[in-house]
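The values are calculated or read from the model by the stated rules, or taken from the named source; none is laboratory data. Worth saying up front: this structure is predicted, and the values here are computed from it rather than measured. FYI the Cβ positions are ideal-geometry reconstructions off the backbone, even for glycines, and counts take in every protein chain you see. For the accessible areas, the whole protein counts, side chains as well, though only heavy atoms, and no ligand, DNA or RNA atoms are used. Shrake-Rupley method; radii C 1.70, N 1.55, O 1.52, S 1.80 Å.
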Amino acid sequence: MITGGIGESPLRPDGPLKVRGQYAYSSDLWLENMLWGATLRSPHPSARMLSIDASAALAMPGVHAVLTYKDVPGENVYGLKFQDTPVLAEEVVRYQGEPVALVAAEHPETARQALKAIKVEYEVFQPLLDAELVAHSPDLPKLHPGGNLVRYQRIIKGDPDATADVVVTGVYEIGMQDQAFLGPESGLAVPEGHGVHLFLATQWLHVDQKQTAKALGLPVEKVKLTMSGVGGAFGGREDLSIQVHACMLALRTQRPVKMAYNRQESFFGHVHRHPAKMYYEHGATSEGDLVYVRAKLYFDGGAYASKTPVVVGNGTTLGVGPYNVPNAKIEGWGVYTNNPPCGAMRGLGAVQPTYAYESQMDKLAAALGMDPADLRIRNAMSEGSTTVTGQVIDFPAPVAELVQRVKDMPLPEKSTEDILQLPGGASNTTHGEGVVRGIGYGVTIKNISYAEGLDDYSTARVRLEVIDGEPVATVHTAAAEVGQGLITVQQQIARSELGVQRVILHPTDTDVGDAGSSSASRQTYITGGAVRNACRAVRAKLQEMAGTSEELASDEMAAALGSAAIEETREYHHRKTYPLDPQTGQGNAHVQYGFSAHRAVVDVDTELGLVKVVQLDCAQDVGKAINPDAVVGQIHGGSAQGLGLAVMEEIQVTDGKIRNPSFTDYLIPTILDMPPMNVDVLERPDPHAPYGVRGVGEPPTISATPAIANAIRAATGLELPRVPIRPEHIVEEH
C-alpha cells in the first residue's frame, strides 16, 4: 500500500537534517581554492560619484580583483518588471547601500579591509523621501529618465460619486517591514569552460539566469544555476543580490568565488515591504450594507521599481476587500524615492489595503452600532459575487463562513492572578492595573499566482525506472524550496499519480524548464499541476507498454518496465488572465483568490503601552489540503509575520538611511511572542485548479495584522492609524 500521498502529512525529507543542524544551506558552500567576494556600498541615499580610486585596494596582498561598473561585461542593468537597476552604480547612487564596487580576496577579512581602502568621492544631493509628495509633484528632480512615477492605477466600478447614509473616513499608514529570513544572501560562483555555474539561494532560478547572463554578456546556456539550501525567503530573494557580482568576480579571476552577506548587509542587500499611506472613505446604508468605497493608496517603491508595478496592481484590485461593494473608486500610485528599494514580500500588495479597509470596517461598525463580525458577514463575498474589477468569482468563496467560524471559537479566560501572563508581567512592571482586553477581527482576499495577462506556468520532468527491483520515480523541476514544503508536495503528487512509494527529487537547477517564482502562493498550484501532468503522461506510456488501461501494482510496473525507463516533460498553465482596462481598471485580472479570517484577543497595559496577544485564531479555505500538517504550519508562520507587523516589525528610515539594520534593533516575533492559536482549515475545492487547491501561504499573514490592530483599538478606544503600534502610540494618545 502506498503511503505519503495527497491528503496525508508525511515527514519532510529535509526536516531531520534541519532540526539537527546538519542541513547544508547556501552559506555552507565551500570549494578548495575559492576566493571571497565583498561589496562596497554607498553611504548616501542620493549622490553623484565624482571618482573611484581602487589602487590602494588592488595593492593589498591577497586581493585578486576590484571591479566597478566599467567591468560589467554585458549590460549594466537588470530588473524584474522594469530594467532600471544597475549591477554597479554608474554615475549616481539612488539609495543608501547601493553597490558601487566589488572585491575578490583570499580571505573574507582581507576583502573587507580592501573595501575600506577604496576611495569614492561623492557630490551629495538632497534625497526625495515622501511618496505622496513625489506622486503629485512632477517638477521635482527626476530619479530616473522616465520620471518618478512607476505606476498609476485607477479602478472605477459603478457610480464613483455615490452617496450613503453613514460615512466613515480614515488615513492609515504602514511601516517598512523586512522579510527577516534567517539565512542571509549567499552563493558560490564557479567558472566552467566559457561560462559559469552559480550555486545559490533564490526564489526563481530562470529569471535569475536570464538577468545574470545579460549582465555578463553570455548566452543563457553558458550560465547554469543550481539551488542550494534556502534559509527562508518571503519575497526578499526575488530580486538579484549576489548573482551577477559573484559571477563577475569568478569570471575575472577564473577561480570559484563565494559571497555571503552578514546580517547588516542583508538589510541593505534586498528589497523590503512597501510602506504606504492610504486615504479611505466607506459609505453604507443605515442597515449596514456597503454602498461605496473610495480610496487613494500611495506606495513608496524606493530607488528602483522591482515589484512596485505589481504592488500597485494588487493593491488597487484588492482594495475593497472580500466584500460586495457596488460602487468604488480606488486609485494607487507607486513612486520612486531615495528610500531603500521595496519589492516582493509575503502578501504582496494586499497587506497594506487590508490593514486600511479592515480598520474602516471596525470604524463603520461602531458608527452603525453593529457587531464588527456581523458587519463583515453581512457584506461578505460568496461564489457568484463580482469583484471591484468586475470579475465574477466562479469558485467557492466562503468568506461569511470563515468569519462566523472564528467568531464562534472559544475565548480565553481572563485572569490577573498569574502576572507572567500579563503584558509586562515578566519584568514585574504590572499586577494587572491598567490592563484591558480587546477583541478584533481581520479578513482578507488575496490573489493567487501571477496576474494581469502574464502567462504563469511551470515545467516538470518525471522519470520512472526500476531500481533494485522496485519502480522508482524521479521528479525534476526548477521550483524553489524556500521552506514551504514544496519538495514534500511534489513527492506526494508523484506517489498518488504513479502508485509508487519511492520518489526521488532531482537537484533543482536550470537544466529543466522554468517553474516560475516561489511566490504569490503559486507553487503547489502551478508546479503541482506540472508534476501531475508529467506523471499522468508517464503512467499512460507505462499502461501502453503493459497493454492495459488499468492501474498497475508495483510488481506489475517492474515487470512492464524491465530495464527500460520512461521519461516525460510537461508544463502546466492556469486559466488566462487579462490586463486591466487602462481607463476603468475593469477586467479579469486574477486567476484565483484566497480567503482567511483572524480573530485576535489582546491584553493592553494602557499605562505602559505594552501589548500581549493572548490568542490569535484563524479560519482559512485552502481548497484541498495536499499536506494538512504543512497547511497548518503555513497558517501559524504567516500569522507570526502578521503579528510582527502589527506590534513590532519596522525598518526605521530617517533621511533615507536605515537606523536599525540588525536583529538587535529590528525585532521579530519569537516563540514567546506567539499566542495559542485555534486553526480551522476549510477545503472548498476550486474546480479550475489541480486537485482543487488554493494558495495557502499569504492570506494568514495579511489578515492577522488588522485583527491585532483592531483588538488593540477595541481595548483602548484609540484611533491608532499606523502599524506597527508601539508603546508610545498607546501612551501618547492616552
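Couple of notes before you dig in:
To keep it simple, each residue is scored yes or no on (1) open to solvent by 40 Å² or more (accessible area, probe 1.4 Å); (2) under 30 Å from Thr670 (Cβ atoms).
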site: Pro127; (1), (2): no, no
site: Leu140; (1), (2): yes, no
site: Leu143; (1), (2): no, no
site: Gly146; (1), (2): yes, no
site: Ile155; (1), (2): no, no
site: Glu173; (1), (2): yes, yes
site: Phe181; (1), (2): no, yes
site: Pro191; (1), (2): no, no
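- Subset tally (residues that are open to solvent by 50 Å² or more (accessible area, probe 1.4 Å) and either among the polar types (S, T, N, Q) or over 24 Å from Ala373 (Cα atoms) (or both)) for segment 714-726: 1
- Just one of the listed residues (Gly79, Gly15, Gly74) is open to solvent by less than 40 Å² (accessible area, probe 1.4 Å) and at pLDDT below 95, namely Gly15.
- Checking each residue in segment 93-109 for being part of a loop (DSSP other than H, G, I, E, B) and either among the aliphatic types (A, V, I, L, M) or open to solvent by 10 Å² or more (accessible area, probe 1.4 Å) (or both) picks out Arg94, Tyr95, Gln96, Glu106, His107.
- Sole exception among (1) out of contact with any Pro (no Cβ under 6 Å at 6 or more places or on another chain); (2) surrounded by 18 or more Cβ atoms within 10 Å (Cβ to Cβ) for Gly638, by number: (1)
- Meets criteria (of a type in the set (A, V, I, L, M), within 28 Å of the chain's Cα centre (by Cα) and buried (at least 24 other Cβ atoms within 10 Å of the Cβ)) for Ala356: yes
- In segment 521-531, the count of residues that are on the phi < 0 side of the Ramachandran plot and surrounded by fewer than 22 Cβ atoms within 10 Å (Cβ to Cβ) is zero.
- Condition met for Lys157 (in contact with a Ser or Thr (Cβ under 9 Å, 6 or more places away or on another chain) and in contact (Cβ under 8 Å) with a residue 24 or more places away in the chain): yes
- Residues in segment 532-557 that are small (Gly, Ala, Ser), assigned to a helix (DSSP H, G or I) and open to solvent by 10 Å² or more (accessible area, probe 1.4 Å): Ala537, Ala540, Ala546, Ser554.
- Cβ-Cβ contacts under 7 Å between residues 6 or more apart (or on different chains), taken from a first residue in segment 668-687 that is under 15 Å from Ala600 (Cβ atoms) and open to solvent by less than 60 Å² (accessible area, probe 1.4 Å) to a second residue that is of a type in the set (D, E, K, R) and assigned to a loop (DSSP other than H, G, I, E, B), are absent.
- Residue within segment 280-299 that is within 19 Å of the chain's Cα centre (by Cα) and farther than 25 Å from Ala65 by Cα present: yes
- Counted residues, segment 23-39 - those being touching a Pro at 6+ places or on another chain (Cβ under 8 Å) and either free of Cβ contacts under 8 Å to residues at least 24 places away in the same chain or open to solvent by less than 30 Å² (accessible area, probe 1.4 Å) (or both): 4
- Of all the criteria given as (1) in contact with a Phe, Trp or Tyr (Cβ under 7 Å, 6 or more places away or on another chain); (2) within 19 Å of Gln254 (Cα to Cα), the one not satisfied by Leu17 is (2).
- Scanning segment 555-584 for residues that are of a type in the set (A, V, I, L, M, F, W, C) and farther than 30 Å from Ile448 by Cα turns up Met557, Ala558, Ala559, Ala560, Leu561, Ala564, Ala565, Ile566.
- Subset tally (residues that are surrounded by fewer than 17 Cβ atoms within 10 Å (Cβ to Cβ) and within 24 Å of Cys535 (Cα to Cα)) for segment 572-614: 3
- Of the listed requirements (1) open to solvent by 10 Å² or more (accessible area, probe 1.4 Å); (2) touching a residue at least 40 places away in the same chain (Cβ under 8 Å), Ile393 misses just one: (1).
- In segment 366-390, the residues that are open to solvent by 60 Å² or more (accessible area, probe 1.4 Å) and closer than 27 Å to Ala589 by Cβ: Arg378, Glu383
- Some residue of segment 57-68 being more than 29 Å from the chain's Cα centre (by Cα), part of a helix (DSSP H, G or I) and surrounded by fewer than 16 Cβ atoms within 10 Å (Cβ to Cβ): yes
- Annotation note: Cβ proximity below 8 Å between a residue of segment 499-518 that is more than 27 Å from Ala344 (Cβ to Cβ) and touching a residue at least 24 places away in the same chain (Cβ under 8 Å) and a residue that is part of a loop (DSSP other than H, G, I, E, B) and of a type in the set (Gly, Ala, Ser) (sequence gap 6+ or interchain) occurs for Gly499/Ala553; Gln501/Gly4.
Conditions (1) outside any helix (DSSP H, G or I); (2) more than 21 Å from the chain's Cα centre (by Cα), marked per residue:
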site	(1), (2)
Glu607	yes, yes
Gly633	no, no
Gly637	no, no
Leu645	no, no
Ile651	yes, no
Pro675	yes, yes
Val681	yes, yes
Pro687	yes, yes
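- Positions within segment 653-673 being hydrophobic (A, V, I, L, M, F, W, C) and part of a loop (DSSP other than H, G, I, E, B), in sequence order: Phe663, Leu667, Ile668, Ile671, Leu672
- Screening Leu318 against (1) buried (at least 24 other Cβ atoms within 10 Å of the Cβ); (2) in contact with a Leu (Cβ under 9 Å, 6 or more places away or on another chain); (3) within 23 Å of Ser596 (Cα to Cα) leaves a single unmet condition, (2).
- Members of segment 110-121 that are part of a helix (DSSP H, G or I) and either open to solvent by 10 Å² or more (accessible area, probe 1.4 Å) or β-branched (Val, Ile, Thr) (or both): Thr110, Arg112, Gln113, Leu115, Lys116, Ala117
- Of all the listed residues (Glu123, Glu98), the sole one being modelled with pLDDT of 95 or more, among the charged types (D, E, K, R) and closer than 23 Å to His270 by Cβ is Glu98.
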